[in-house]
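Structure, as structure tokens:
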Amino acid sequence: FYGGEGSFNGDLLMRPSGLTGGGVMSLDKAEVNSNLFTYNANWFGSNSAILRVFEDSGGLAFRANDLKTHIDLKTREGVFHSNGSGSYVELPANQYISYIDNLRWRMDEEYLTLGDEFSSGQGSKFISIHHAQDSLSFIARNAFYSLRDYIINAFGVDSIAVADAIIYPDSGIVTVAKDAVIETLDSAKILADNLVRYHTFTNATVDIASAFDYTASGDYTYKDVLNN
């Protein structure tokens, strides 16, 4: 298919109205699986498809489930949209899943944009599936995922709830490396506890281990009864 850029395994039906098919499209290090593809000279699409992207070693790097799909082999870009609550992505190297509204895959640059870069909405939820992290989660406006080093760079993260505290990352940036490791947050703010919100720590360095475990150091301003 497409001058050798892709191959197909499945069933094809050619009619005067166009070419359709069901099966697996293979592109570079990726596979797209659907019961019904529609084909054009430069692109193919589906109302519901599964995208799998593989590491150089052959392991699964990324999987998107039940997404509306449009892949353009001329621009080398794939665009995917959610079909509802059943649409989500898996990032096995990072041990995270994410519920997203849309996804953009830049094939030659080997990165994915999760969520809308210019969205003013709530954002996408990222949840750790690491056995020791107790479903640690946060919401990001959008994120970039590199298929070269398998790092999630999340932007627009307003806060992360950990134990009885609320942690506010500086500039709203959170980086998740392999094995669900959240890189150290610098210049963060911590509000404790999450009910009375009485204590505020600023300029904090924070290491988040799980949904109930973190270590941090920062500045605390104490006010006495005279407000000094």
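The values are calculated or read from the model by the stated rules, or taken from the named source; none is laboratory data. Here the structure is a predicted model, which is why all the values come from computation and not from measurement. Glycine also receives a Cβ, built like all others from the backbone with ideal geometry; neighbour counts cover every protein chain displayed. For the accessible areas, the whole protein counts, side chains as well, though only heavy atoms, and no ligand, DNA or RNA atoms are used. Shrake-Rupley method; radii C 1.70, N 1.55, O 1.52, S 1.80 Å.
Each Cα pair under 8 Å and six or more residues apart adds its sequence gap; the mean of these over the residue count of the chain is a relative contact order of 10 percent. Answer rounded, prolate or oblate for segment 29-94, using the Cα gyration tensor with square roots of eigenvalues a ≥ b ≥ c: rounded when a/c is under 1.5, else prolate when a/b is larger than b/c, else oblate. It is oblate, given that a/c is not under 1.5 and a/b is not larger than b/c.
What base-10 log of the normalised intensity I(q)/I(0) is obtained for segment 1-67 from the Debye formula, alpha carbons as equal point scatterers, at q = 0.11, 0.12, 0.22, 0.23 Å⁻¹? After summing over all Cα pairs, the log10 values are -0.26, -0.31, -0.95, -1.02. Using the Cβ-Cβ distance between residue 221 and residue 72 with R0 = 45 Å, the FRET efficiency computed as 1/(1 + (r/R0)^6) comes to roughly 0.25.
Summing charges over all other residues whose Cβ lies under 11 Å from the Cβ of residue 49, with Lys and Arg as +1 and Asp and Glu as -1, gives 0.
Extension gain for residue 146-residue 175 works out to 9.3 nm (0.36 nm per residue, less the C-alpha to C-alpha distance).
Residues in segment 73-115 near a label at residue 213, defined as backbone nitrogen under 18 Å from the 7 Å Cα→Cβ point? Zone members listed by number: 95-96.
Expressed as a whole percent, the proportion of Cα-Cα pairs in the chain lying more than 28 Å apart is 39%.
Neighbours of residue 31, meaning other residues whose beta-carbon lies under 12 angstrom from its beta-carbon, give a summed charge of +2 when Lys and Arg score +1 and Asp and Glu score -1. Split the accessible area of the chain by element, probe 1.4 Å, and carbon with sulfur accounts for 48%. Largest mean-square fluctuation among 40, 102, 83, in a Gaussian network model of the chain whose springs join Cα atoms under 10 Å apart, belongs to 40.
Normalised per residue, the accessible area of the chain is 52 Å², obtained with a 1.4 Å probe and no contribution from ligands, DNA or RNA. If the chain linking residue 11 and residue 48 were pulled fully straight, counting 0.36 nm for each residue of separation and taking away their Cα-Cα distance, it would gain 11.7 nm.
In this simple spin-label model, placing a label point 7 Å from the Cα along the Cα-to-Cβ direction at both residue 130 and residue 205 gives a separation of 1.9 nm.
Which order do the peptides 25-35, 122-132 come out in when sorted by mean C-beta neighbours inside 10 angstrom, highest first?
Ranking, from highest mean packing down: 25-35, 122-132.
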